[in-house]
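Right, one structure below, let's go through it.
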Amino acid sequence: MRATRLAFGASLMLALGAAPAHAAWKSYISHTLGFSFEAPGDIKTETGTSRGVIAGPQETIIFRSVENGIEYKVTVINFVQAQAESATILGEAAFMFQEGKRVLMDTFGRVEPGKDAVYGRKLTIELANNGGRATSAFYFNKGYLIQLEATVSPKNGDYGTPDPGRFIDSIAFNPARAEAGSTELKLPE
């Protein structure tokens, strides 16, 4: 009996030791841009460009982390001068994300309660050529289009993992909802 317990304990320790390491989830905040979110690993900041038919060419700020075959990305585009077109810009971004792909989920999202509510769209798509699965949320708040996107690659293969949902649903527009000790996101200079 004791030998069986020892063998089971050794097998359990071996299995746990062979399990992949996962980075701890951290809370990130941008007081300048007015939002916070949670993601695993360390966030890298970069700039890029996007182009929409209605929105035209725009510079973007991208916050990115890759962990365990899942890319977590927040893209921010400044539309302060076009706030009156916010619904159209948000709709175009959501359309461009899902265009030509198999849509698995398309629903509305809401962050914050009551009069502070920010409404948006959430989508999950299958990427072409067995490229994985992506879940995204789009919000327009205080002149910024904010897109959160979590892409599960075939390398990870666990398309049912709750991690993309955890990332997408962690966004907050009220700084008080960010965890104490959140890391301030560095903006490009």
I want to check the label-to-label distance for A128 and T161. Put each point 7 Å from Cα in the C-beta direction and report it in nm to one decimal.
2.5
For E179, residues with placed amide H under 5 Å, excluding near neighbours:
none
Accessible area, 1.4 Å probe, largest first: how do V118, V53 sort?
V53, V118
Estimated Rh, segment 65-189: Kirkwood, alpha-carbon pairs, angstrom
15.5
Taking 0.36 nm per residue of separation between D169 and A24 and subtracting their Cα-Cα distance, the length gained on full extension comes to 50.5 nm
For the chain, modelled as a Gaussian network with Cα springs under 10 Å, which listed residue fluctuates most, A84, A172, A93?
A84
For the pair A117 and K101, how long in nm is the line joining their label points, each one 7 Å along Cα→Cβ?
2.7
Among 62-70, 144-152, 157-165, what's the highest-first ranking by average C-beta atoms within 10 angstrom per residue?
144-152, 62-70, 157-165
Segment 35-80: relative contact order as a whole-number percent, Cα under 8 Å and 6+ apart
33
If the chain between A84 and R51 were fully stretched, how many nm would it gain, using 0.36 nm times the residue separation less the Cα-Cα distance?
10.0 nm
Among F35, F138, F167, which one shows the highest mean-square fluctuation when the chain is modelled as a Gaussian network with alpha-carbon springs under 10 Å?
F35
Does anyone have the angle between helix 2-18 and the longest principal axis of the chain? Alpha-carbon axes, 0 to 90°, nearest 10?
30
Under 5 Å from the placed amide H of L185, counting only residues 5+ away or on other chains, we find I29, S30, H31
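The values are calculated or read from the model by the stated rules, or taken from the named source; none is laboratory data. Because the structure is a prediction, the values reported are computed rather than measured. Cβ sites come from the backbone with ideal geometry, for glycine too, and all protein chains shown count toward neighbours. Ligands, DNA and RNA are excluded from the accessible area calculation, which covers all protein heavy atoms including side chains. Shrake-Rupley method; radii C 1.70, N 1.55, O 1.52, S 1.80 Å.
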